[in-house]
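S.K.: Have a look at the structure that comes next, please.
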Amino acid sequence: MCPRGQQQSLLHSAYMERLFNKRILLGVTGSIAAYKAAEVVRRLRDAGADVRVVMTRGATEFVTPMTFQALSGHPVNQELLDTEAEAGMGHIELARWADTILVAPASADFLARLAQGRADDLLSAICLASDVPLAMAPAMNGQMWQNAATQQNVRTLVARGVLMLGPDAGEQACGETGVGRLQAPEILLAGLAELFQSGVLSGKTVMVTAGPTREAIDAVRYLSNHSSGKMGFSVAQAAVEAGARVILVSGPVAMTPPDHLQCLSVVSAQEMIDTVLTHIHGVDIFIATAAVADYRPVKAATGKTKKKAERIQLELEPTPDILAEIKARFPRLFCVGFAAETEALDEYAQDKLLRKGVEMIAANWVGPAATETGGAFGSDSNALRLFWKDGSAELPVASKQKLARQLILQIAQLEEMWSQRSLDDDKVVTLPDSGRRPGR
Ligand code: C5P
């Protein structure tokens, strides 16, 4: 049997991983246990969760909003009809923002109002407007907890799928001993973490290249393409949601990078490959979604080239093929490439799979052929066909976010089988020195 300390640290590391990067809306209601919610915020932050606190008026009688603001790093929302707060993150936005809502402590009154579906204060309105899992950590006097009305409300909420965490038994603030104490923060967070599947990429590091590159012609002009970076940003976001540590290497795009990842901005193909190589140490999966310019001017003029009457010629040379080069240098790194084609999608994708020696190619139509799949540059939807050595899959038209999540699931599955196979091979063959993963 594990000693108690060891058991607690196992529990601790399991929930830390599941709560990492999760958006937790913590509701604090009017109970003497409200002060214990401060410890809950601290531990959620330690686990890597983003926490926003909503307090009922009753809660502010016990603890000041300033405490929670300092601990969560965000302003505390309190009133439903506060125009200033609504101008920041309004109640509907808060409801949409959260991955889960935890109310700790949940008073008898709050459970009653939630059971009735009331929306006359900010916290109850958010709970009603949200479709994410709700978890309640009740804390109240033992008699109030035992009361038939409270028990009926709890049964109603549980029947609706609300998770009840506690209450615990023991000595209470009112001097009585019984059931009604707020569950200990450690146990509470472990229960909350059960709401989240362990991410399919937990413990993995993923690098994603995204966007176009710009290849300078002179001081003010460049060669580039129409890539918006939307697919790459969605893939990076989906990898974060799947629990991975993510490094996004992006060419010039108009979007704000997703939260919880390291974004490195580059301009040219040369800068992109240099940045990739500098940060490739420890990466498990490399996903090249960038629309890297294939050619660059052999010599970029330092000043602005003056307009002349006669024709001028631009001499171009190929840019480094980042994906092919990374795969060649690190054969044991799981690599995924993209193929955007205007014709013969399957043949070109299969050819790219072999030519670049990568583990998967995600192919999509572009140009006039893409009208049915909505795959034009800059559009919000797309469809993908995935090819790997001994299989393929079709991901029908969907938003780029949804497609990215499906793609990440497929990559996670393949990578697991692939790395298992590599481990088995290792037992038979000793690979040469270059046949390793970066940094391993
Ligand atoms: O060779 P092609 O451009 O069709 O291959 C597309 C795939 O290769 C994409 O995954 C793209 O990100 C990657 N690529 C690259 N460096 C280049 C050209 C393409 O990484 N110079």
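The values are calculated or read from the model by the stated rules, or taken from the named source; none is laboratory data. The model shown is predicted, which means the values in this text are computed figures rather than measured ones. Please note: Cβ atoms are built from the backbone with ideal geometry, for glycine as well, and neighbour counts cover all protein chains shown. Note: areas computed on protein heavy atoms with side chains; ligands, DNA, RNA excluded. Shrake-Rupley method; radii C 1.70, N 1.55, O 1.52, S 1.80 Å.
S.K.: Does Gly73 satisfy being without any contact (Cβ under 8 Å) to a residue 40 or more places away in the chain and on the phi > 0 side of the Ramachandran plot?
M.R.: Judged against the criteria, Gly73 is a match.
S.K.: Are any residues in the range 299-334 closer than 20 Å to Leu277 by Cβ and touching a Pro at 6+ places or on another chain (Cβ under 7 Å), and if so, which ones?
M.R.: Phe330, Leu333
S.K.: What's the total number of residues in the range 341-363 that are under 19 Å from Thr209 (Cα atoms) and within 11 Å of the ligand (Cβ to nearest atom)?
M.R.: Residues meeting the conditions: 10.
S.K.: Also, I was wondering about something else. Looking at the range 130-160, which of its residues are over 16 Å from Arg113 (Cα atoms) and either assigned to a loop (DSSP other than H, G, I, E, B) or outside the structural domain of Ala112 (by TED's automatic domain parsing) (or both)?
M.R.: If the condition is that a residue be over 16 Å from Arg113 (Cα atoms) and either assigned to a loop (DSSP other than H, G, I, E, B) or outside the structural domain of Ala112 (by TED's automatic domain parsing) (or both), then Asp131, Val132, Pro133, Asn141 are the ones that fit.
S.K.: So in the range 304-344, with the set limited to residues that are acidic (Asp, Glu) and under 41 Å from the mean Cα position of the chain (by Cα), which one is most open to solvent (accessible area, probe 1.4 Å)? Lay out the reasoning, then the answer.
M.R.: Kept after step one, since they are acidic (Asp, Glu), are these residues of the range 304-344: 310, 315, 317, 321, 325, 341, 343.
Cutting the leftovers down to under 41 Å from the mean Cα position of the chain (by Cα) gives us 317, 321, 325, 341, 343.
Details: Glu317: 59, Asp321: 64, Glu325: 69, Glu341: 25, Glu343: 104 Å².
It comes out as Glu343.
S.K.: Would you pick out the residues in the range 202-246 that are closer than 23 Å to Phe334 by Cβ and of a type in the set (Phe, Trp, Tyr)?
M.R.: Result: Phe233, single match.
S.K.: Here is a further query. Quickly run through the range 268-312 and pick out the residues that are in contact with an Asp or Glu (Cβ under 8 Å, 6 or more places away or on another chain), charged (D, E, K, R) and without any contact (Cβ under 8 Å) to a residue 40 or more places away in the chain.
M.R.: Lys299
S.K.: Then there is this: What pairs can you find where one residue is in the range 93-109 and in the same structural domain as Phe68 (by TED's automatic domain parsing), the other is open to solvent by 10 Å² or more (accessible area, probe 1.4 Å) and of a type in the set (D, E, K, R), and their Cβ atoms are less than 6 Å apart, with a gap of 6+ or different chains?
M.R.: Correct list of pairs: Trp97/Arg23; Ala98/Arg23; Asp99/Lys22; Asp99/Arg23.
S.K.: Go through the range 284-303 and report how many residues are surrounded by 17 or more Cβ atoms within 10 Å (Cβ to Cβ) and over 30 Å from Trp97 (Cβ atoms). Break it down into steps so the answer makes sense when it comes.
M.R.: From the range 284-303, those surrounded by 17 or more Cβ atoms within 10 Å (Cβ to Cβ) are 284-293, 296-297; that's our starting set.
Then drop every residue that is not over 30 Å from Trp97 (Cβ atoms), which leaves 286, 288, 291-293, 296-297.
Total meeting the criteria: 7.
S.K.: May I ask you to list the residues in the range 230-258 that are polar (S, T, N, Q) and farther than 19 Å from Ala293 by Cβ?
M.R.: Within the range 230-258, Ser234, Gln237, Thr256 meet the criteria.
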